[in-house]
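This report refers to the structure that appears directly beneath it.
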There are 2 protein chains.
Amino acid sequence: LSAVLPVRAQAGPLASWHEGPVKTSILDFVGKVTTPSARDFVIADERIAVFDNDGTLWCEQPIYSQLAFALDRVKLLAPDHPQWQTQEPFKSVISNDLAGLVRSGEKGIFEIVAVTHAGMTTDQFDRAVVDWTRTAKHPRFHRGYTELVFQPMLELLEFLRQNEFKIFVVSGGGIDFMRPWMEAVYGIPPERIVGSSGMTRYVVGEDGGPVLIKDAKIDFVDDGPGKPVGIHKFIGRRPIFAFGNSDGDLQMLQWTAAGSGARFMGIVHHTDADREYAYDRGSSVGKLDKALDEAVNGHWVVVDMKQDWKVVFPS
Amino acid sequence: LSAVLPVRAQAGPLASWHEGPVKTSILDFVGKVTTPSARDFVIADERIAVFDNDGTLWCEQPIYSQLAFALDRVKLLAPDHPQWQTQEPFKSVISNDLAGLVRSGEKGIFEIVAVTHAGMTTDQFDRAVVDWTRTAKHPRFHRGYTELVFQPMLELLEFLRQNEFKIFVVSGGGIDFMRPWMEAVYGIPPERIVGSSGMTRYVVGEDGGPVLIKDAKIDFVDDGPGKPVGIHKFIGRRPIFAFGNSDGDLQMLQWTAAGSGARFMGIVHHTDADREYAYDRGSSVGKLDKALDEAVNGHWVVVDMKQDWKVVFPS
Ligand SMILES: [Ca+2]
Ligand SMILES: [Ca+2]
């Protein structure tokens, strides 16, 4: 096996990853589960790989992109809702008063989600998301959000795909927010995207055409202990490969680690304030604390963004 | 295109289907959505096909197989629960008193589901299902339940697979009841099985190993209007091909029909009391009434089991 790996590396998988223990551990793991004669060989059907999204596949700072979408959407809808000019939490959103929004608390966030993510058909929401990905720009990088995906992780997805892994996103983000763009950006089709969701209702409209209406009631929260639950519900098979970046991924990584045979557990550690952001234990977005301790104890692979990645975003 | 179809037919797809309008409509539909030059061509990524299970892919009479599993399991567990000998609904189950079971109503069924489908880990339930499929016999045919799948439908699954369809089961049955055996029997992997589910909880056991515990609380009912909801939730893309057999499939078929481009909506009509069963509008299991009317109005394809199928079960 060891004779094969240098050839693979020369052939160019993971080109944006610096040589080192992290890159080697990925190549080594994929090599041993895909080599039929190896003790750790896994048939292609069972090569389940799961990836968190925010902070693992794309940038999640300074606020989650889905929250940026919701705030942008409030502003877009504001002309039709003149009362929002004086009504919280909308007033704060419209005037870019993030402190005011924070003061409105969970109730405020829920009201924003309700008006931006519910009360419309699934097709209408889909179009709203696609429109936003085409127009919205990140406040620091001045690029579209779907351009702020991590180039080394795109190469990892491609490398796993070439090795016949079944790749799933397992994210705390909204499933309906992710599906409209992930196939084009990550090459991951809608049926392999697991996320949080609201309730949906089947309604036959007055013209006889059926629609699905998005309601404001929460259906499923795919975060923390919800991630292994979501994996069981949507995938029905335990992953052998999992990548996350925060304490919200702890249970997904534990669940992956607890299976039999070879496993890979990886964490993206944001250590690069110059090219992206540097944050971990003290961050309100993407807090990485318990999972970092458990990574050390469990010998999980921790990516040091600054050291391990030649580039962060696609050029 | 029409020049191609006779060749395909001679080459042998759908060998257990009699020549006739039903077989022709299947071959015709698959031909036109897979021929790149055809107006109705659909790229492989979007060739979503959904199949109901009970009564569509396998026999559902005289009682749903999952209910047979539950009743068998009550009997298996009875020695550890001596109180069940005198306590309904268990007493009726143990003494094979189906009328007594019916008298216990929904509450009785719920109690049976609670003791047979909950209070254990997902791995334990998985093993219970596999053990049952290996040992239980159907009361009339004296064969294992997974041998009472419909041979013509197995050939249809294979034909669609050869034509790069993504095939999903969308069933009112329990997702955890279906996944342990469907990959071996239908060639459909766990992540392409959508069904009803109970709540699941992630628990880190005393030995530190995490488990998922099945609870008795209902999470999702994948039946009737729940089927398009389940399709949206689990698949995230509208099917172009749907097959069902009862009013529980009506909304799934409507949802499929309402998409743009070429669509195929099929219904298995059980018309063969000799080889299987004959039932439709008056049946308590697999009632086919409104969906049969809508099939006629919408020119959906109705399979006449007696006329269209050379054989019913695999030999
Ligand atoms: Ca994350
Ligand atoms: Ca059925």
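Some points to look at:
- Under Karplus coefficients 6.51, -1.76 and 1.60, residue-wise ³J(HN,Hα) of region A:301-309 in Hz, glycine/proline x: 8, 10, 7, 8, 3, 5, 7, 9, 10
- Peptide B:178-190 has a mean of 2 when you count, residue by residue, the C-beta atoms of other protein chains within 10 Å of its C-beta.
- FRET E, pair B:H299, A:E164, Förster distance 51 Å, beta-carbon r, rounded to 0.05: 0.80
- Take the Cβ atoms of A:A38 and A:H81, set R0 to 51 Å, and the FRET efficiency comes out at 0.25.
- Cα long-axis angle, helix A:151-162 against chain A (0 to 90 degrees, to the nearest 10): 60
- Ranking A:P189, A:V211, A:P225 by Cα position along the charge dipole of region A:160-245, where only Lys, Arg, Asp and Glu carry charges on their C-beta atoms, puts A:P225 farthest toward the positive end.
- When each of the peptides A:54-60, B:304-310 is scored by the mean number of other C-beta atoms lying within 10 Å of its residues, the order from highest to lowest reads A:54-60, B:304-310.
- Counting only other chain Cβ atoms within 10 Å of each residue's Cβ, the peptide B:233-243 averages 4.
- Rounded percent of accessible protein surface that carbon and sulfur make up, chain B, 1.4 Å probe: 53
- Remark on A:W17: its backbone amide H falls under 5 Å from those of A:K310, a criterion applied only to residues 5 or more positions apart or on other chains, H modelled at 1.01 Å from N.
- Cα-based shape type of chain B, given that a ≥ b ≥ c are square roots of the gyration tensor eigenvalues and the cut on a/c is 1.5: prolate
- A Förster distance of 41 Å, applied to the separation of the beta-carbon atoms of B:V203 and A:D97, puts the FRET efficiency at 0.45.
- Spacing of the two label points (7 Å from each Cα toward its C-beta) at B:E155 and A:R281, in nm: 6.7
- Folded to 0 to 90 degrees: helix A:122-135 orientation relative to chain A principal axis, Cα: 80
- With θ taken as phi - 60° and the Karplus curve 6.51 cos²θ - 1.76 cosθ + 1.60 applied, the whole-hertz 3J(HN,Hα) list for region A:277-287 is 9, 10, 6, 7, 5, x, 7, 7, 9, x, 4 Hz, x standing for glycine and proline.
- For region B:133-272: rounded, prolate or oblate by the Cα gyration tensor [a/c cutoff 1.5]: oblate
- Amide H within-cut-off set for B:K287, under 5 Å, with H built and near neighbours excluded: B:D247
- Nonlocal amide H pairs with B:A216, under 5 Å, H built at 1.01 Å: B:G119
- Per residue, the solvent-accessible area of region B:65-135 (1.4 Å probe, heavy atoms of protein chains only, all protein chains present) comes to 55 Å².
- Principal-axis tilt of helix B:21-34 within chain B, Cα atoms, nearest 10 degrees: 80
- Residue by residue along B:250-263, Cβ atoms of other protein chains within 10 Å of the local Cβ number 2 on average.
The values are calculated or read from the model by the stated rules, or taken from the named source; none is laboratory data. In this text the structure is predicted, and so the values were computed from the model without any measurement. A quick note on method: Cβ atoms are made from the backbone with ideal geometry, for glycine too, and the neighbour counts reach across all protein chains shown. These area figures cover heavy atoms from the full protein model, side chains too; ligands, DNA and RNA do not enter into them. Shrake-Rupley method; radii C 1.70, N 1.55, O 1.52, S 1.80 Å.
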